[in-house]
Amino acid sequence: MKYLYLMLIYCCLQLDVFARVPPVQGYVLVGSSGDPLRDVTVSTCDGNLLAVTDDEGSFRLLIDGRDTLCLQFKLLGFETEQIKVRLPLEERLRINMQERISALEEVEVSTGYQTVPKERATGSFEFVDEKLFNRQISPDVISRLDGIAPSVLFDRRGGATQSFQIRGLSTITSAISRPLIVVDNFPYEGDINNINPNNIASVTLLKDAAAASIWGAAAGNGVLVITTKKGGFNRALNFSFNANTTMIEKPNLFYQPQVNSATFIETERFLFEQGYYNGTIGNTSTWPVLTPVVELLDKSRNGLVDQELLETELTKLGGYDVRNDLSNHLYRTGINQQYSLSTSGGSERFNFMLFGGYDKIQETAVGDQNSRYSFRSQNNFRPTTNLEIQAGVTYTANSSINNSLGTIRLGPSGTLYPYAQLLDNEGRHALIEQNYRRAYVDTAGTGKLLDWYYRPLDEMYLADNTTKLQDVVLNFGTKYNIIKDFTAELKYQYERQITVNNQLYDEKSFYTRDLINRFTQVNGLDVERPIPLGGILDKTNTDLRAHALRGQLAYQYNLENKHELSLLMGGEIRDTRRSLDGNRYFGYDGDLLTTQRVNYTIRYPIYDNLAPPMLIFTNERFSQQDDRFISLYFNGSYTFISRYTLSASLRRDASNVFGVATNNKWKPLWSAGAAWQLSEEPFYHWDAVPALKLRLTYGYSGNVNNAVAALTTIAYQSAPSNLSQLPNALIQNPPNPSLRWEQVGQVNAALDFTIKNNRVAGSLDYFKKYASDLLTAVPVDPTVGYNNVTMNSAALNTEGLDLMVNTINFEGVFQWQTQLMYSFNKTVVKDYLLEVRNPSSHVGNGGSLIPIVGKSAYNVVSYRFMGLDRENGDPVFLVNGQPSTNYGEMAQSIIMDDLVFHGSALPQHFGALRNTFTYKNWSLSANITFRMDYFFRRNTVNYGTYFDGEPAHTDFYEKWQQPGDESFTHVPAMIYPNDSSRDQFYTHGDIIAERGDHIRLQDVNLSYQFRSLAKLNSLQLQLYARNLPIIWRANKQALDPDFLEFGAPLNISLGLQMNF
Amino acid sequence: MKKLFSIYIIATVLIMSACSKYLEMKPDQSIAVPTKLKDLQAILDYELYNIRGYPAGGDMGADYYYMDDNDLEARNVDARGIYQYAPIAYRDIDWTDSYKRIFYANVVLDEVDGVLLEELNETHRQAVKGAALFQRGWNFLHLAQLFASAYDPNTADGEMGVVLRLNSDINERSERAPLYESFAQITRDLGAAAALLPAENITPTRPSKASAYAALARTYLYMGDFEQAKNYADSCLDIRSTLIDYSTLDSMRANPFELFNEEVLLHNILVANGSMLSPNLAKVDTVLYQLYSEHDLRKVNFYTRQTDGSYAFKGNYSGDVNSSLLFSGLALDEVYLIKAESAVRLGLLDDAAATLSSFAKSRYRLGYVPEFNFSDATLALQTVLNERQKELAFRGGIRWADLKRLNLSPTTAKTLKRTVNGEIVELEPNDRRYNLLIPVEVIRQSGIQQNLRD
């Protein structure tokens, strides 16, 4: 704080020290309303920046030794003004600027190396400004981009929330499939969730080769450039406060329809009579868990429970549904709170920005919460007109507690039976069988062992799993204007992120009691405990350290707007080290901070021979990864008479891809582009389309995978070998001297236009991507020791379209604006050497690549269902062109033509339609998103998992029971013994795949803007709702294809934003 | 502009040369190119591949167990096929995992003479080299016993053997060597290993001179070279000969044997498809169970009665409880039996009787140890083979090879029978189905010749 005061005093001093000659003073107003206009850049007519207007619209210039002055006033969205004045001035200048009504975005986009005016660019950029970015409310950066940026597709296969793609997938390796995320100038190495979204000024997407190839070998999947807020020179002191609260609906455990408990018990009973549980009941060596119903049935069989009691008990159990208990005790409404305060300002020589934020997240799972403190300071200093020095620090402290129970299981694999209760009849925390049969635990140890019962609700309060993260980013930069058009820049950034995870298994937790008991040896009265009493603490430290240094030279030349030349070249070096170490402590006492030793080398017998003798698990881990990069780059553009632009970029990257001779690590990547402002041509007279620009680019970027090496490499295992406790190493890969980086070529042709007096503006991009040399496994003769070897072998082709149209439908007191975004992209396998011998292995849900040349890469593939057998209700499938129920042989005999290729598991057409209505101080914006042309697999009955104890889908009630049923149901009969391959076929039948197409009212934002309220510059209140109902969907099951497990949880936020 | 470009180019050159060191950094510290002797030792100590996953195809087809129809129905096609001697059934993993171990051995052998010793010495280098040679020969042996015909010295030159991969170059083309050459390589590797390895090793997961001798004894027995078999068995027993007295075991335990028990020379484990050989599924062949006399301690230490009246195997030398992962390494009891059988074959009946007697002491209840007094060679052979069958049932890698070699002589040949869904399937002696099929992918990628079927 002291620092802040000093800084403020310093800036005030600055203002006066330099005021020796009478300054040129003035103010800028909005022509129509007379309101002061801030952020207007004031420059000389030949382009030298002098000042920026403050909140009162006023500016102040120090000019000496001149009689006349030509001034230019510029602000996006306004017509540029030029005036000539005589010096010295008699009074303050007054400038009126006229608003330009245009739907065209006029922005400067940042590539992370430089900012370029979008209208001069040849490449495809997508710009999300602060206002649009903050329209969404969420604690993280990524999810705010959902539905507002064209060509960004959130990949929700498998329930992922933050996984997204820009223009489809360009690699097969999922670990390197994320777009590159750049924060300000350098790739962000830490956890992206460290970044406080309230401190973000804009987000730019670099989509095509000309835009992204400046990032070279890391840009194959597209680039996301996040620009944080900064201060500005000649700005009045400004404070901004932001607060919001979001409520998140708790997961709907009843979303997946499942059979009721009575039905489940009926099935258990049926299975019991068939002898299904006999093996488990008879297992008196490891005592596996039996459910209460099976225990009861067994007691009844042995005459220990009479028939009447049995029936009463079963009826009672049949009335319970554990989902009620789970929903009441394990889940709650989630609450996110965000507060942030920032201040910025600047004199002529100095500007600063200070930001502080606090976020608190109460997750919907009871026991999970998260809090984040963010602090950021960014200072710019301009000691002389040609030198600028910039320094900043960002600090994030994140603390998360993960004490939620997760899914309750009966052991390593068993599913919780649906009639379980978490509270017993007296309201105490109930016991649930865990790992061993209840009857065994009741008597085991004859009092010599620790309590061996599992009470889920106790566990929730005993859990102590915390992760504390601290992240510091320091950056430093200087910019020096060497001579007229030359600028040299040097930038350095250091990042350190330290994460400490403490997972404490309390002495009273089941995990600890169970482990101690298993190792306990009882000999008469002697009780020996190789694992001491006390808690068990697993401690994991991760450390990330990244350096990045960049030197850059820029040349700007403008000859009377006839020849504009912009050149940029530089070099960059980056070094990232990630290390991890972990250890386990036994007998941990959190009060005294003591631990106890155990012997890791003795193979101890396990209590009652429940398992063969074992070593005590140490959980010791170490690892360290280093990624090093050196890059040289060049970027240039030339514009002739503001009509024709040519651009080119070239970049060479090298990294420490292990084992490759250094020379081969250098990979040149390039791009070239051209733009033609057709509407500026003298022969152009198409009045309906006043602005028309054509763009064409081509070029290459790459993907880096440092996990693959070119020499025989071995990987030391961090744990000693299991049996002999010796250091041991896996041979990671056989030699691959021809290893290269993956390469993504892209051609982009685009059209930018405005029509109807600039009321409609838009762009249409067509692109084709050729991802080649993709690393993937290639089959080799297994006799060499490997079935396949990872090589640069596969290729994917992606073709697509991005359309974006902004319209201003009404202007005036009532305003109505519309933004339409539509994207199409389709990825097809072009080359893939790993042939699949057995066509039925293609069957799946599109989670992994289907290696069939010419087919959509992530395809939902099914067996062709031919109805149910009228004799016995078996599902019939097409096998080798013939209907068959011989499931055993089926998988081998199925041929390609038997399979149904539904289509992509990723939406191929998607987009959004956003309407914003403004009336006086009110503004309402609704975003409707659509995702089309894709498929997903829904749930249905799987008798195998049902028999294993997982409640079945309600399709169970539709099952075939007698001949004739096949005419109205496709759910196979329940058979005993079950045939798991029959399940496998049915659950992957074409009738179980559904179209994912849907239209959703994604979110609505209602805001009210108070103008000039007392001392406040502005105050805005926001009501925001997200995950509103689906408007239309193709599937008849009323499923949400993007949130299959629990449905999309409704989020409602209330926000406030103040500037003063 | 020209000047700028030349600066750029000069900078490029300078940076490139200055940075080569910078880029030599390993991306992952746990990764290394094997350059030190301890790296090679660590490769061989990678238990997941080098100790586990020994071939199970022969044992899945062996006659010491049977399965109920229902249980069999639940196995996958190949497992079922191997069980019921189907002409087309694959055990790809037996081939691929064995060759993976051979690749590991070859990586070590390619590097061992040049690596840095650091704090280790030449003796360690010898031991690592010996261990790699052992691993190669030992895996060739398993492959040859599974994928090639039984070894008949008279025809071995004309029979197809296995692919002898002798270095780690993955670009070298695979070819099947003649059976004779395959076994010559096996005995060469194991012999060289025996010369280099220490008499006993610090842990049974590493081979030793004793285990190399035992492996050679097993190999020569299979080849019908009984003199050599007996010699190597003797050499092994000279190093170690103490058997476990089964009367000291607690037969009530889920497995009376512990990990690394006293008889274990080399600890290996096999892995069968879908728990095929797990005690719940693999029921002890009733004829085999009848072979054990009332006072045979193996009856209670090896087997346990199931609720349905059948018997399950529990006496796994791996020390595991209720596990389908059978011990598949080398143990002293086998060496005794190799010695006894070789003696019988060589006509040294007294020698055989003495060997069997000292062996049987540890296997029968005190006072009930059978007397071995051989006058008739045929009877003696029958006795020793019976003991062998009783001792080494459910011991991976032995029974299938025994069936193959014994089938060469009509007097010891056996027709295998399985009853599946009421139907009897048979495997006649010397049937081609005794040689498992080579994985299709191997045939496709390398073009080597597949094993024939009738």
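The helices (runs of 4 or more DSSP H) falling completely within segment B:321-423 that include 2 or more residues that are crowded, with 17+ Cβ neighbours inside 10 Å and among the acidic types (Asp, Glu) map to B:332-345, B:377-392.
At negative phi, open to solvent by 30 Å² or more (accessible area, probe 1.4 Å) and not hydroxyl-bearing (Ser, Thr, Tyr): does that describe A:Leu913? It is true that A:Leu913 is at negative phi, open to solvent by 30 Å² or more (accessible area, probe 1.4 Å) and not hydroxyl-bearing (Ser, Thr, Tyr). In the condition set (1) touching a residue at least 40 places away in the same chain (Cβ under 8 Å); (2) open to solvent by 20 Å² or more (accessible area, probe 1.4 Å); (3) within 14 Å of chain B (Cβ to nearest Cβ), A:Pro690 is compliant with all but (3). Taking every residue in segment B:427-451 that is within 14 Å of another protein chain (Cβ to nearest Cβ) and open to solvent by less than 60 Å² (accessible area, probe 1.4 Å) and pairing it with any residue that is of a type in the set (Val, Ile, Thr) and part of a strand (DSSP E or B), at least 6 positions away or on another chain, the pairs with Cβ-Cβ distances below 8 Å are B:Ser446/B:Val163; B:Ile448/B:Val163.
Any residue that is aromatic (Phe, Trp, Tyr), open to solvent by 60 Å² or more (accessible area, probe 1.4 Å) and in a strand (DSSP E or B) - is there at least one of those in segment A:1039-1046? Let's see the steps before the verdict.
Of the residues in segment A:1039-1046, the ones aromatic (Phe, Trp, Tyr) are A:1043, A:1046.
Going one step further and asking which of them are open to solvent by 60 Å² or more (accessible area, probe 1.4 Å), we end up with A:1046.
Keeping just the survivors that are in a strand (DSSP E or B) gives none.
Scanning segment A:1039-1046 turns up no residue that is aromatic (Phe, Trp, Tyr), open to solvent by 60 Å² or more (accessible area, probe 1.4 Å) and in a strand (DSSP E or B).
In segment B:263-274, the residues that are away from chain A (no Cβ under 14 Å) reach residues that are part of a strand (DSSP E or B) and not hydroxyl-bearing (Ser, Thr, Tyr) with C-beta atoms within less than 9 angstrom, at least six apart or across chains, in these pairs: B:Glu263/B:Ala331; B:Leu265/B:Leu330; B:Leu265/B:Ala331; B:Leu270/B:Phe327.
Evaluation of A:Ala719 against the conditions (1) without any contact (Cβ under 8 Å) to a residue 60 or more places away in the chain; (2) within 14 Å of chain B (Cβ to nearest Cβ); (3) in contact with a strand residue (DSSP E or B) (Cβ under 9 Å, 6 or more places away or on another chain) shows that the sole unmet condition is (1). For segment A:328-338, a residue qualifies if it is out of contact with any helix residue (DSSP H, G or I) (no Cβ under 9 Å at 6 or more places or on another chain) and under 19 Å from A:Ile361 (Cα atoms), and the qualifying residues are A:Tyr331, A:Arg332, A:Thr333, A:Gly334, A:Ile335, A:Asn336, A:Gln337.
Among residues of segment A:639-662 being over 15 Å from A:Leu694 (Cβ atoms) and of a type in the set (Ser, Thr, Tyr), the one that is modelled with the lowest pLDDT is A:Thr662.
Against the definition (free of Cβ contacts under 8 Å to residues at least 40 places away in the same chain, farther than 30 Å from A:Leu801 by Cα and open to solvent by 80 Å² or more (accessible area, probe 1.4 Å)), how does A:Arg86 come out, yes or no? Steps first, please.
On the way: free of Cβ contacts under 8 Å to residues at least 40 places away in the same chain: yes; farther than 30 Å from A:Leu801 by Cα: yes; open to solvent by 80 Å² or more (accessible area, probe 1.4 Å): yes.
The answer is yes for A:Arg86.
Among residues of segment A:598-623 being hydroxyl-bearing (Ser, Thr, Tyr), assigned to a loop (DSSP other than H, G, I, E, B) and over 22 Å from A:Leu449 (Cα atoms), the one that is nearest to the other protein chains (Cβ to nearest Cβ) is A:Thr601. Restricted to segment A:427-471, and to residues there that are among the hydroxyl-bearing types (Ser, Thr, Tyr) and over 38 Å from the mean Cα position of the chain (by Cα), the residue that is most open to solvent (accessible area, probe 1.4 Å) is A:Thr446.
Number of residues in segment A:287-335 that are aliphatic (A, V, I, L, M) and open to solvent by 60 Å² or more (accessible area, probe 1.4 Å) equals 2.
Go through B:Ala144, B:Ala131, B:Ala177, B:Ala184 for me and flag whichever is part of a helix (DSSP H, G or I), aliphatic (A, V, I, L, M) and without any contact (Cβ under 8 Å) to a residue 40 or more places away in the chain. Walk me through it before giving the result.
Working: B:Ala144 fails: without any contact (Cβ under 8 Å) to a residue 40 or more places away in the chain; B:Ala131 fails: without any contact (Cβ under 8 Å) to a residue 40 or more places away in the chain; B:Ala177 fails: part of a helix (DSSP H, G or I).
Within the list B:Ala144, B:Ala131, B:Ala177, B:Ala184, the selection yields B:Ala184.
Residue count for segment B:99-126, restricted to those that are crowded, with 24+ Cβ neighbours inside 10 Å and either small (Gly, Ala, Ser) or farther than 29 Å from A:Asn787 by Cβ (or both): 1. Scanning segment A:723-744 for residues that are in contact (Cβ under 8 Å) with a residue 24 or more places away in the chain, surrounded by fewer than 18 Cβ atoms within 10 Å (Cβ to Cβ) and farther than 19 Å from B:Lys26 by Cα gives a single hit, A:Gln725.
Taking the stated definitions as given, is A:Ala611 closer than 30 Å to A:Tyr480 by Cβ and either touching an Asp or Glu at 6+ places or on another chain (Cβ under 9 Å) or open to solvent by less than 50 Å² (accessible area, probe 1.4 Å) (or both)? Spell out the reasoning first.
Details: closer than 30 Å to A:Tyr480 by Cβ: no; either touching an Asp or Glu at 6+ places or on another chain (Cβ under 9 Å) or open to solvent by less than 50 Å² (accessible area, probe 1.4 Å) (or both): yes.
Against the criterion (closer than 30 Å to A:Tyr480 by Cβ and either touching an Asp or Glu at 6+ places or on another chain (Cβ under 9 Å) or open to solvent by less than 50 Å² (accessible area, probe 1.4 Å) (or both)), A:Ala611 does not qualify.
Is there a residue in segment A:557-570 that is closer than 30 Å to A:Val441 by Cα, in contact (Cβ under 8 Å) with a residue 24 or more places away in the chain and either touching a helix residue (DSSP H, G or I) at 6+ places or on another chain (Cβ under 8 Å) or open to solvent by less than 40 Å² (accessible area, probe 1.4 Å) (or both)?
Going residue by residue through segment A:557-570, those that are closer than 30 Å to A:Val441 by Cα are none.
No - not one qualifying residue is present in segment A:557-570.
Of all residues in segment B:75-121, those satisfying the criterion of being under 22 Å from B:Asn273 (Cα atoms) and either more than 24 Å from the chain's Cα centre (by Cα) or at the interface with another protein chain (Cβ under 9 Å from one of its Cβ atoms) (or both) are B:Asn76, B:Val77, B:Arg80, B:Asp92, B:Trp95, B:Thr96, B:Tyr99, B:Lys100, B:Arg101, B:Ile102.
When segment B:42-67 is filtered for residues that are facing another protein chain (nearest Cβ under 8 Å) and more than 11 Å from the chain's Cα centre (by Cα), the ones remaining, listed by number, are B:Ala42, B:Ile43, B:Asp45, B:Tyr46, B:Glu47, B:Leu48, B:Tyr49. Taken over segment A:624-646, the criterion of being among the hydroxyl-bearing types (Ser, Thr, Tyr), open to solvent by 30 Å² or more (accessible area, probe 1.4 Å) and within 13 Å of chain B (Cβ to nearest Cβ) is satisfied by A:Tyr638 alone. Within segment A:447-463, the set of residues being touching a residue at least 12 places away in the same chain (Cβ under 8 Å) and over 30 Å from A:Ile401 (Cα atoms) comprises A:Lys448, A:Leu449. Might you check whether a residue that is within 24 Å of A:Pro782 (Cα to Cα), surrounded by fewer than 19 Cβ atoms within 10 Å (Cβ to Cβ) and among the β-branched types (Val, Ile, Thr) occurs anywhere in segment B:51-72? No, there is no match, as no residue in segment B:51-72 is within 24 Å of A:Pro782 (Cα to Cα), surrounded by fewer than 19 Cβ atoms within 10 Å (Cβ to Cβ) and among the β-branched types (Val, Ile, Thr).
Matching residues to (1) more than 28 Å from A:Arg156 (Cα to Cα); (2) touching a residue at least 12 places away in the same chain (Cβ under 8 Å); (3) in a loop (DSSP other than H, G, I, E, B):
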| position | (1), (2), (3) |
| --- | --- |
| A:Leu906 | no, yes, yes |
| A:Thr916 | no, yes, no |
| A:Ser925 | no, yes, no |
| A:Arg931 | no, yes, no |
| A:Ala973 | yes, yes, yes |
| A:Tyr976 | yes, yes, yes |
| A:Val1004 | no, yes, no |
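Please determine, by comparing only the residues of segment A:886-900 that are part of a loop (DSSP other than H, G, I, E, B) and of a type in the set (A, V, I, L, M, F, W, C), which one is nearest to the other protein chains (Cβ to nearest Cβ). Spell out how you get there, then give the answer.
Going residue by residue through segment A:886-900, those that are part of a loop (DSSP other than H, G, I, E, B) are A:886, A:894-895.
After this cut, where a residue has to be of a type in the set (A, V, I, L, M, F, W, C) as well, the list is A:894-895.
On the way: A:Ile894: 13, A:Ile895: 16 Å.
My answer is A:Ile894.
Being touching a Pro at 6+ places or on another chain (Cβ under 6 Å) and under 21 Å from B:Ile82 (Cα atoms) is true for just one of B:Ala401, B:Ala413, B:Ala393. Which residue is that? Result of the check over B:Ala401, B:Ala413, B:Ala393: B:Ala413.
The values are calculated or read from the model by the stated rules, or taken from the named source; none is laboratory data. In this text the structure is predicted, and so the values were computed from the model without any measurement. We place every Cβ from the backbone using ideal geometry, glycine too, and count neighbours over all the protein chains shown. Heavy atoms of the whole protein, side chains included, go into the accessibility calculation; ligands, DNA and RNA do not. Shrake-Rupley method; radii C 1.70, N 1.55, O 1.52, S 1.80 Å.
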